Amino acid sequence: MKHKLTQQDVDKMKAEIEHRKVEVRPELLEHVKEARAHGDLSENFEYHAAKKEKNRNESRIRYLERMIRTCEIVEDHSDADQVGLNKTVTLYFEEDDETDKFSFVTTVLVDTMQNRVSIESPLGKALLGHKKGERVYIPVNAQYGYYVEIKEIEPFDEDVPLNEY
């Protein structure tokens, strides 16, 4: 499955890879070397912790490189009054009689605690292209779905960091 990313996402990922290779990697290698010098490796907590952190950094580099290699670059072609990428939308959930705001972003910027939702999620897929005032059915699975009404659409231009894992 190809993840949909913007060119800005890819640029952020490349910058993080560069930072991790040029600055973080040498620092972590130095920590491993120092911890190794403390003696018996079987009972050396510092060595195991340093090695684990080094491996975590290398894993993150591989993950970002794979994301870049396999992504599909997308742009937002929605009008200002349509739900699209990098838009914040106020929704009225009929079933719950509640209103909430969601920002629609690419996969690497998702943060459910901040109500940043992927354009590839069921909510994102169902709402893309719709306009203020429209009532939209959001299918969750074959047996269940719910209705929302789009109350407001605003641009989302906050510079958010990439998700850690």
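The values are calculated or read from the model by the stated rules, or taken from the named source; none is laboratory data. Since we're looking at a predicted model, the values are computed, not measured. Positions of Cβ are generated from backbone atoms using ideal geometry, with glycine treated the same way; all protein chains shown enter the neighbour counts. Each accessible area value is taken on the protein alone, full model and side chains, heavy atoms only, with ligands, DNA and RNA left out. Shrake-Rupley method; radii C 1.70, N 1.55, O 1.52, S 1.80 Å.
Please count how many residues of the range 46-95 are β-branched (Val, Ile, Thr) and farther than 19 Å from Arg116 by Cβ. Give the steps one after another, and end with the answer.
In the first step, residues of the range 46-95 are kept if they are β-branched (Val, Ile, Thr); the result is 61, 68, 70, 73-74, 83, 88-90.
Imposing the further condition that a residue be farther than 19 Å from Arg116 by Cβ reduces the set to 61, 68, 70, 73.
Final tally of qualifying residues: 4.
Do the conditions hold for Thr90, that is, is it open to solvent by 80 Å² or more (accessible area, probe 1.4 Å), part of a strand (DSSP E or B) and more than 18 Å from Thr6 (Cβ to Cβ)? So that I can check it myself, show each step before the final result.
Details: open to solvent by 80 Å² or more (accessible area, probe 1.4 Å): no; part of a strand (DSSP E or B): yes; more than 18 Å from Thr6 (Cβ to Cβ): yes.
Taking the combined requirement at face value, the residue does not satisfy it.
Within the range 39-49, does at least one residue satisfy the condition of being surrounded by 16 or more Cβ atoms within 10 Å (Cβ to Cβ) and modelled with pLDDT under 95?
Looking only at the range 39-49, we keep the residues that are surrounded by 16 or more Cβ atoms within 10 Å (Cβ to Cβ), and these are 44, 47.
Keeping just the survivors that are modelled with pLDDT under 95 gives 44, 47.
Looking for residues that are surrounded by 16 or more Cβ atoms within 10 Å (Cβ to Cβ) and modelled with pLDDT under 95, one finds at least one in the range 39-49, hence yes.
Quick test for you: out of Lys52, Lys21, pick the one residue that is more than 21 Å from Val160 (Cβ to Cβ), without any contact (Cβ under 8 Å) to a residue 12 or more places away in the chain and in a helix (DSSP H, G or I).
Details: Lys21 fails: without any contact (Cβ under 8 Å) to a residue 12 or more places away in the chain.
Matching residue, one of Lys52, Lys21: Lys52.
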Candidates Pro155, Pro161, filtered to the one that is more than 26 Å from Ile17 (Cβ to Cβ), open to solvent by 60 Å² or more (accessible area, probe 1.4 Å) and out of contact with any Ser or Thr (no Cβ under 7 Å at 6 or more places or on another chain):
Pro155
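For the range 127-165, how many residues meet the condition of being of a type in the set (Val, Ile, Thr), outside any loop (DSSP other than H, G, I, E, B) and touching a residue at least 40 places away in the same chain (Cβ under 8 Å)? Walk me through how you get there before you give the answer.
Here is the first cut: in the range 127-165, the ones of a type in the set (Val, Ile, Thr) are 136, 138, 140, 148, 150, 153, 160.
Keeping just the survivors that are outside any loop (DSSP other than H, G, I, E, B) gives 136, 138, 148, 150, 153.
Filter once more, so that each one left must be touching a residue at least 40 places away in the same chain (Cβ under 8 Å): 148, 150, 153.
Of the residues in the range 127-165, 3 are of a type in the set (Val, Ile, Thr), outside any loop (DSSP other than H, G, I, E, B) and touching a residue at least 40 places away in the same chain (Cβ under 8 Å).
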Looking at the range 51-69, can you tell me whether even one residue there is open to solvent by 70 Å² or more (accessible area, probe 1.4 Å), at pLDDT below 90, over 16 Å from the mean Cα position of the chain (by Cα) and not charged (D, E, K, R)?
no
Could you list, in sequence order, the residues of the range 93-121 that are under 16 Å from Asn163 (Cα atoms), open to solvent by 40 Å² or more (accessible area, probe 1.4 Å) and assigned to a strand (DSSP E or B)?
Asp111
Which numbered condition in (1) within 32 Å of the chain's Cα centre (by Cα); (2) of a type in the set (A, V, I, L, M, F, W, C); (3) open to solvent by less than 80 Å² (accessible area, probe 1.4 Å) is the only one that Ala35 fails?
(1)
So if I check each of Gly124, Gly84, which one is within 15 Å of the chain's Cα centre (by Cα), at pLDDT below 95 and either part of a loop (DSSP other than H, G, I, E, B) or farther than 30 Å from Val24 by Cα (or both)?
Gly124
